[in-house]
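The values are calculated or read from the model by the stated rules, or taken from the named source; none is laboratory data. Here the structure is a predicted model, which means the values were calculated and not measured. Here the Cβ is made from the backbone with ideal geometry for all residues, glycine too, and neighbour counts use every protein chain on show. Accessible surface areas use protein heavy atoms only, side chains included; no ligands, DNA or RNA. Shrake-Rupley method; radii C 1.70, N 1.55, O 1.52, S 1.80 Å.
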Amino acid sequence: MAEFAGVSVSDISASASGQQHFVAAACFDPGQLRLRLPDSVEIRFDLKTAQVLRLSAVALLFVTGESKSGNEDKNSFSRALKFEFGTENESRDFCSAVEKCRHGSLENGTVIVHKSKFDDKIEPTSAKMYFHYYGQLLHQQNMLQDYVRTGTYYAAVVENRIDFNGRVVVDVGAGSGILSLFAAQAGAKHVYAVEASEMAEYARKLIDGNPSLRERITVVKGKVEEIDLPEKADILISEPMGTLLVNERMLESYVIARDRFLASNGKMFPSIGRIHMAPFSDEYLYVEIANKALFWQQQNYYGVNLTSLYGSAFQGYFSQPVVDAFDPRLLVSPPTFHTLNFTNMKEEELYEIDIPLNYTATVGTRVHGLACWFDVLFDGSSVQRWLSTAPGSPTTHWYQLRCVLSQPLYVMAGQEITGRLLLVAHSAQSYTIYLTMSVKMWGPGAEQGGILQTSTGKLDLKEPYYRLSQPQPYAWAQDQQQPQQQISSLDLSPQIQDAVDPALMQQSSPNSTAL
């Protein structure tokens, strides 16, 4: 392991005695830090109970717990040392060495790092791409410029100063640090901004650029599953929501942070999330998706017949959830919702989310799938605020999400639609969506509860179709017409493709995506 020579160390513990300042060489053993003084004296610290907090580019605060008698709090800290290094790189390397030795073991001179709970659940390649994405300022800017999102968080914090004033706050997945700065503006005693990506360095710069707030904010680089903090939090604040609320699986980290860092009577901002769902009808969207597979209907593509792959391509396009903003008039019935209570739910409840569906159609139409959106609640002591991504509300960067069925359903007004939405988490930090929708008997004999039609779909939330700039020239009621130059949606299923006129199959939609 590396040795850090000439480290300037100051003992700033309240109970410090003897030498207050000295120069030492810092060395590492498995789970331990050794400080070797010039007079051959060595001081050893257990890294399992130690915390390292950055004070500046070259200065660190090293807080360590020592063994105490059985009637004292085993997590209390008894010694605080200020380490000053010659360069910023040396300071950063020291932090890295502490983390490696804290979470790993030393075998034959090599640190063997033990996996955290996060590493056990998530593929390394997915995690690398995820943290790379959020480590870039352009993506943080995209979120900051979502004024519905950022403005709602700001209002939820400043309107509830009573919750933040004089309190310890942990910002989970702090990103640029904007929520930490909001908490400090609301009078927080201290804010720990926890961020695992390289954005942590940008957060430090942003916070340093706000002198009136920076003394009360400490950026902690690392995953909430791995880092430790020197005190419990009164407030957790985070923006852990992804598409359909659960994409990216950060809600699990939010719940883990609650269990690790939040005091028993602490508050969470947000505290509740709701997934809203309703069946929808959208012939234009259905035709647009189905038309994408027409490329594979070519029988002479440079002398090659592609048609054997048409069915697979058709199903492949319908395995992509559609992310866009749609008109709420497309909904076939009033929505229902499923609640996730972040304050008391278990992390394991997010591994598989099973939601029963039951609706009554308000119109006679073809149902093309299930539309979804979400909202979250900031349950402040002074003001309650909801952040909504509903259709018809001001658009956010989350938009809405629709699961489109490859086989639509026919319904009449008053007919019952039942089904199931099952979300199963996978190691690429997202979910597989299993959707089943059925139409029950209608009219005489309906009380017997028979199923007339059923359609199913399997979609990957990790691979959505971002339909953010597509035109939506909807017509309504009796005036709705099939788009010109497009195949009728009745003729698009691979199961009945032989019934489609071959000449018609060569036509492409003006809105379809070129391959």
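Residue pairs whose Cβ atoms lie under 7 Å apart, sitting 6 or more positions apart in sequence or on different chains, and linking a residue in region 410-424 that is assigned to a loop (DSSP other than H, G, I, E, B) to a partner that is buried (at least 21 other Cβ atoms within 10 Å of the Cβ), are 412/361; 413/361; 414/361; 415/361; 415/439. Checked against (1) at positive phi; (2) crowded, with 23+ Cβ neighbours inside 10 Å; (3) at pLDDT below 95; (4) not hydroxyl-bearing (Ser, Thr, Tyr), residue 222 passes all but condition (2). Hey, can you tell me all the residues within region 342-385 that are free of Cβ contacts under 8 Å to residues at least 60 places away in the same chain and part of a strand (DSSP E or B)? The answer is 360, 384.
Checking each residue in region 40-86 for being farther than 22 Å from residue 216 by Cβ, of a type in the set (Gly, Ala, Ser) and either open to solvent by less than 20 Å² (accessible area, probe 1.4 Å) or modelled with pLDDT of 80 or more (or both) picks out 50, 65, 86. Residue under question is residue 301, and the condition is that it be modelled with pLDDT of 95 or more, over 25 Å from the mean Cα position of the chain (by Cα), among the aromatic types (Phe, Trp, Tyr) and over 30 Å from residue 377 (Cα atoms); does it hold? Here the answer is yes, as residue 301 does meet what is asked.
Considered as a group, the residues in region 100-114 that are of a type in the set (D, E, K, R) and open to solvent by 80 Å² or more (accessible area, probe 1.4 Å) include one that is modelled with the lowest pLDDT, and that residue is 107. Taking residues in region 136-150 that are free of Cβ contacts under 8 Å to residues at least 60 places away in the same chain and hydroxyl-bearing (Ser, Thr, Tyr), and partners anywhere that are surrounded by fewer than 16 Cβ atoms within 10 Å (Cβ to Cβ) and in a helix (DSSP H, G or I), the pairs with Cβ atoms closer than 7 Å and at least 6 places apart or on different chains are 150/144.
Filtering region 259-286 to residues that are in a helix (DSSP H, G or I) and buried (at least 23 other Cβ atoms within 10 Å of the Cβ) leaves only 285. Here is a check on your reading of the model: is residue 339 touching a residue at least 60 places away in the same chain (Cβ under 8 Å), part of a strand (DSSP E or B) and open to solvent by 30 Å² or more (accessible area, probe 1.4 Å)? When the stated conditions are applied, residue 339 passes them. Residues of region 454-469 that are more than 17 Å from residue 314 (Cα to Cα), in contact (Cβ under 8 Å) with a residue 12 or more places away in the chain and open to solvent by 30 Å² or more (accessible area, probe 1.4 Å): 454, 462, 466, 468. Within region 419-431, the set of residues being within 15 Å of the chain's Cα centre (by Cα) and either within 16 Å of residue 318 (Cα to Cα) or not aliphatic (A, V, I, L, M) (or both) comprises 426, 427, 429, 430, 431. Scan region 411-418 and give yes if some residue there is under 18 Å from the mean Cα position of the chain (by Cα), within 24 Å of residue 332 (Cα to Cα) and open to solvent by less than 60 Å² (accessible area, probe 1.4 Å), otherwise no. No, the conditions are met nowhere in region 411-418.
Okay, residues lined up against (1) charged (D, E, K, R); (2) over 18 Å from residue 255 (Cα atoms):
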site: 326; (1), (2): no, yes
site: 335; (1), (2): no, yes
site: 340; (1), (2): no, no
site: 349; (1), (2): yes, no
site: 362; (1), (2): no, yes
site: 367; (1), (2): no, yes
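Within region 198-205, the presence of at least one residue that is surrounded by fewer than 24 Cβ atoms within 10 Å (Cβ to Cβ) and in contact with a strand residue (DSSP E or B) (Cβ under 6 Å, 6 or more places away or on another chain) is confirmed.
Taking region 392-409 as the range and being among the polar types (S, T, N, Q) and assigned to a strand (DSSP E or B) as the test, the residues that pass are 400, 406, 407. Condition check: within 29 Å of the chain's Cα centre (by Cα) and at pLDDT below 95. Does residue 406 satisfy that? When the stated conditions are applied, residue 406 does not pass them. All told, residue 256 meets the bar of being part of a helix (DSSP H, G or I) and among the β-branched types (Val, Ile, Thr). For residue 192, state whether it is aromatic (Phe, Trp, Tyr) and open to solvent by less than 20 Å² (accessible area, probe 1.4 Å). When the stated conditions are applied, residue 192 passes them.
Quick grid of which residues meet (1) at pLDDT 80 or above; (2) loosely packed, with under 14 Cβ neighbours inside 10 Å; (3) among the basic types (Lys, Arg):
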{"position": "95", "(1), (2), (3)": "yes, no, no"}
{"position": "116", "(1), (2), (3)": "no, no, no"}
{"position": "126", "(1), (2), (3)": "yes, no, no"}
{"position": "137", "(1), (2), (3)": "yes, yes, no"}
{"position": "144", "(1), (2), (3)": "yes, no, no"}
{"position": "150", "(1), (2), (3)": "yes, no, no"}
{"position": "157", "(1), (2), (3)": "yes, no, no"}
{"position": "167", "(1), (2), (3)": "yes, no, yes"}
{"position": "176", "(1), (2), (3)": "yes, no, no"}
